[in-house]
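The structure under discussion appears below in the form of structure tokens.
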Amino acid sequence: MSILVDENSRVVVQGITGREGTFHTQQMLAYGTNVVAGVTPGKGGQKVQGVPVMNRVAEAVEMEGANVSCIFVPAAFAPDAVMEAAAAGIRVIVCITEGIPVLDMVRVANFVKEKGAMLIGPNCPGIISPGKTKVGIMPGHIHRQGSMGVISRSGTLTYEVVDQLTKSDLGQSTCIGIGGDPIIGTSFIDHLRLFKEDPQTEGVVLIGEIGGTAEEEAAEYIRAEFNKPVLAFIAGRTAPPGRRMGHAGAIISGGQGRAEDKIEALQAAGITVVLNLAELGDTAKQIMAGQ
Amino acid sequence: MKLHEYQAKELFQKAGIPVPKGRLLTSRDKLGSVLEEIPGPPWVIKAQVHAGGRGKGGGVRLVKGQGEAAEAVAELLEKPLVTPQTTAEGVIVHQLLVEEGVDIDKEFYLGMTVDRKLACPTMIFSPSGGMEIEEVAKQSPDLIFKEPVNPATGWMPYQARNLIYKLSQVPGGYTVKELSSTMKKIYDLFVANDCSLLEINPLVITKQGSVIALDAKMTIDDNALYRHKDLAQLDDPREKDPLEVLAEAASLNYIRLNGNIGAMVNGAGLAMATMDVIKLAGAEPANFLDVGGGASEEMITKGFEIILKDERVRAILINIFGGILRCDVLARGVLEAAKKTDIDVPLIVRLEGTNVEEGRKILEESDLDFLVARDMAEAAELVAKEVKRQG
């Protein structure tokens, strides 16, 4: 098992004819992902990396049985692409695109929820169930199949963490980048709920950062309902207030979103928080060995 | 992107939200003619800088005559202003807003922002106007009223009633109408301009019962600027660090900090974590620099040049986890920058991920002098050692 995506996932790549879309389709195929179709409006009938291109997501669902979407569409058109996927009945939508305006995401997030789909991202590296499928842009080779779930607001920071886990002999069930924007489709809690029910997952690493209160909410959920060991890391302890640290969502504003508050909330919920990123792999190994 | 108060007030005026009569002053010679156009005395002279806490820093002056006005202008214009939110050197004031004085009866706070948890715009209203809203939230949270807006319906008049009738002293009918109409206009302005924050603090009720926005703060969502060319032109680069302006032009995420360890990292999360690691090692980061997931060789070169322009930098840490950004691209970018500039500080390089072997080889075969760190732990150690060595 794993969560959300596995060997049965049939992926449609929206924006497949673009530079990023084409490159990562090739990378996903090389990893063994079942990319069944691509969508670029007006380019239906072409092929990219041997994958048939269609004009609409609905066609990919009807003709190829697509059930997962991976979106590489530019920010100005991405909201429409996400809503198209949700309307076509895609249940897991992964939006890699960075730079979507917040007020667009307000409409998108509400629409996707209404349709009963799960949106991962935007502004995220995607989701991977190692050994089964990779839907996104993460380097596949650093992952190994195993028992750790990983949920993160960041991209390369997740690679760093996964790399340390793999080097500490801790494989992963599923790794999800939930995205670095202020408004994202799914939260830590949405994925923790799934990890709770997943027999393959024995422990979870949660990677947060400054901005918002998602980590505090996750801490409360873990304290009340989660029954597997959780290890957390929060980036941005040295970030100055009021400045946006790269990610649109990474900003300490009005005294909210500080790393210290997040760390405190997580620790109060009994969660081990790694303060030095360099020690994450070793700490995870100790915790999992103690189980 | 932050707007100046006078810019936000111009947008308010166009939207029909009342503001005090005022004029922008950029040179002392114009003071006389500006004062002639504005009812008064008294007048209020306000420094136009993005930093908050202007009042506490002496950047807002109430003046009772021409002489006092001239004095205030002499003290503020083209002089540094230090507020609780600036550095100790402060920021230079290039523009002043001169306004008529207003007869204040009551002060409120009215703001709008996007609630991340509820994923919708939310109106915030409080009878504790004129104070820092964060302080009010901490000390008397019951005085902060909120109305989340359903994006499908937009702002509805009943929501204004929800906010206004929570007041312990409900104002008269005329004022209620004015407040209600202002709230609707604020919502429309917020959405039309893709704001991430819109604040009026204080929103005042005059002795005549009229509503006036005494202050105005607007922050525009950077990601939406592509569809607001008119707003993008309101950007004031003088408010930013010159190195940050350079970085912005090169599409790099760079923020100048107070330390002396330059850092170049790919990805915002890893860049923040690297800053934290530098600090844990007993040093201070000089900057946050995220070259992004898909940086080109030119962007790497540019980023490296910007770090080297910062004279305080005594060591540089490059931490790259190659995903989309390949390590060989990074290595070539660094070498290109090294050709153009003398690197006279120690360079610590940590490379991992896509094409790492090729990247390391390129660096090793060059005549660039650098230290290799195999992982984050070693990178931190080397940084600490360098700092210690240099005392």
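Read-outs throughout are calculated quantities, based only on the coordinates presented, and are distinct from any laboratory measurement. Being a predicted model, the structure only gives us computed values, none of them experimental. Methodologically, a virtual Cβ is constructed for each residue, glycine included, from the backbone with ideal geometry; neighbour enumeration extends over all protein chains shown.
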At a threshold of 8 angstrom on Cα-Cα distance, excluding pairs fewer than six apart, so keeping six or more, what relative contact order does chain A reach in percent?
14
Which net charge results for the neighbourhood of A:Ala265, defined as the other residues with beta-carbon distances under 15 angstrom from its beta-carbon, given Lys and Arg at +1 and Asp and Glu at -1?
-3
Unit charges on C-beta of K, R, D, E only; dipole of the stretch B:201-291, Debye:
220
Quick check for me: using +1 on Lys/Arg Cβ and -1 on Asp/Glu Cβ, what's the dipole size of the protein assembly as shown about its Cα centre, in debye to the nearest 20?
940
Applying 1/(1 + (r/R0)^6) with R0 = 25 Å to the Cβ-Cβ distance of B:Lys361 and A:Gln145, what FRET efficiency is obtained, to the nearest 0.05?
0.25
With DSSP loop assignment and no more than 13 other C-beta atoms within 10 Å, the trypsin sites (Lys or Arg not before Pro) in the stretch B:49-81 are B:Lys56, B:Lys64
Got the relative contact order for the stretch A:11-120 handy, in percent, Cα pairs under 8 Å and 6 or more residues apart?
23
Once R0 is set to 30 Å, what does the formula 1/(1 + (r/R0)^6) return for the Cβ-Cβ distance between B:Lys385 and B:Lys340, expressed as a FRET efficiency to the nearest 0.05?
0.60
Kindly give Rg over Rh for the protein assembly as shown, based on alpha-carbon atoms, with the Kirkwood expression for the hydrodynamic radius.
0.99
What list do you get for A:Asp190, B:Asp342 if you sort them by fewest beta carbons within 10 Å?
B:Asp342, A:Asp190
Candidates A:Ala86, A:Ala60, A:Ala278, ranked by Gaussian network fluctuation over chain A, Cα under 10 Å, top entry
A:Ala278
Could you state the angle between the C-alpha long axis of helix B:5-14 and the longest principal axis of the C-alpha atoms of chain B, as a value from 0 to 90 degrees rounded to the nearest 10?
50
Once you keep just the Cα pairs under 8 angstrom separated by 6 or more residues, what percentage relative contact order results for the stretch B:22-166?
20
Here FRET efficiency (C-beta to C-beta, B:Lys279 to B:Asp105, R₀ 60 Å, nearest 0.05) is 0.75
Using just the helices of chain B, give the 222 nm mean residue ellipticity in deg cm²/dmol: DSSP H runs with n ≥ 4 each add -39,500 (n - 2.57), and the total is spread over all residues, rounded to 500.
-10500 deg cm²/dmol
Inter-chain Cβ neighbour average for residues A:159-170, partner chain, 10 Å
3
Spelling it out for A:Val94: with amide H atoms placed in the peptide plane at 1.01 Å from N, the residues 5 or more places away or on another chain with amide H under 5 Å from its amide H are A:Ser69, A:Cys70, A:Ile71, A:Ile120
Value in Å of the Kirkwood radius, where chain A supplies the Cα pairs that are averaged:
19.0
Can you give the longest run of chain B that contains no GluC sites (Glu not before Pro) sitting in a DSSP loop with at most 11 other Cβ atoms inside 10 Å?
B:90-310
What's the percent breakdown of Cα-Cα distances in the stretch A:11-120 across 5 Å bins, shortest bin first?
2, 14, 26, 26, 19, 9, 3, 0
Suppose we take every Cα in chain B and form the convex hull; what volume per residue is that in Å³?
169
